[in-house]
1. Which ones in segment 1-21 are surrounded by 11 or more Cβ atoms within 10 Å (Cβ to Cβ), of a type outside the set (Lys, Arg) and not in a helix (DSSP H, G or I)?
2. Using beta carbons and a limit of 6 Å, which pairs, at least six apart or on different chains, have the first residue in segment 1-16 and among the charged types (D, E, K, R) and the second one assigned to a helix (DSSP H, G or I) and surrounded by 12 or more Cβ atoms within 10 Å (Cβ to Cβ)?
3. Within segment 45-65, is there a residue that is among the charged types (D, E, K, R) and assigned to a helix (DSSP H, G or I)?
4. Before we move on, is Val27 in a helix (DSSP H, G or I), touching a Leu at 6+ places or on another chain (Cβ under 6 Å) and among the hydrophobic types (A, V, I, L, M, F, W, C)?
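The values are calculated or read from the model by the stated rules, or taken from the named source; none is laboratory data. Fair warning: this is a prediction, and the values are worked out from it, not measured in the lab. Heads up, the Cβs are rebuilt from the backbone with ideal geometry, glycines too, and the neighbour counts pull from every protein chain shown. Heavy atoms of the whole protein, side chains included, go into the accessibility calculation; ligands, DNA and RNA do not. Shrake-Rupley method; radii C 1.70, N 1.55, O 1.52, S 1.80 Å.
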Amino acid sequence: MGNITAMYRWFAIVYLIGMFFLMPGFVFLLSLGGSVVLWSVIGPIIILCVIIGIINFIQNKRPSLLPEFLRDWEFMPLPLRSLEPYDKAATSFPCCKSCRNEATEEKNEQSRRSSTSSANSSHNNETSNPDNDPS
């Protein structure tokens, strides 16, 4: 959790709101419907979490036991396997400029610089290479 919070600064607030307000409120509302309703909703969620935990454990310890597509989560859509799309949305608001991760912005800037410099160096190599000289 600490690494996620360090990378996505808004995550701590969302986590606190979700775990201490939304989730208990959801469970309370379900309990008003009776124990059958509560366990009919919570049961499949618990089973899904256990299955995901088992797959994660096997991915880390013995990935050869899993089918090829389950050896990583790349088959899942990006919003289901990464917080990056949510980070872009959360930090796009003007009020969240302080939440933007400077490290991510520096990384993007460095990748732009390196792609520009590599394009320039390949262009320079083509023009300065005597093998390419047409005369």
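1. If the condition is that a residue be surrounded by 11 or more Cβ atoms within 10 Å (Cβ to Cβ), of a type outside the set (Lys, Arg) and not in a helix (DSSP H, G or I), then Tyr8, Trp10 are the ones that fit.
2. Matching pairs, first to second residue: Arg9/Cys99.
3. Our first condition is that a residue be among the charged types (D, E, K, R); within segment 45-65, this holds for 61-62.
Next cut, assigned to a helix (DSSP H, G or I) only: 61.
The answer is yes; a qualifying residue exists.
4. Values: in a helix (DSSP H, G or I): yes; touching a Leu at 6+ places or on another chain (Cβ under 6 Å): no; among the hydrophobic types (A, V, I, L, M, F, W, C): yes.
No; evaluated as a whole, the condition is false for this residue.
Yes/no per residue for (1) over 21 Å from the mean Cα position of the chain (by Cα); (2) open to solvent by 60 Å² or more (accessible area, probe 1.4 Å); (3) closer than 28 Å to Thr5 by Cβ; (4) touching a residue at least 40 places away in the same chain (Cβ under 8 Å):
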site	(1), (2), (3), (4)
Met23	yes, yes, yes, no
Ser31	yes, no, no, no
Val36	yes, yes, no, no
Ser40	yes, yes, no, no
Pro44	yes, yes, no, no
Ile51	no, yes, yes, no
Lys61	yes, yes, yes, no
Trp73	no, yes, yes, no
Ser82	no, no, yes, no
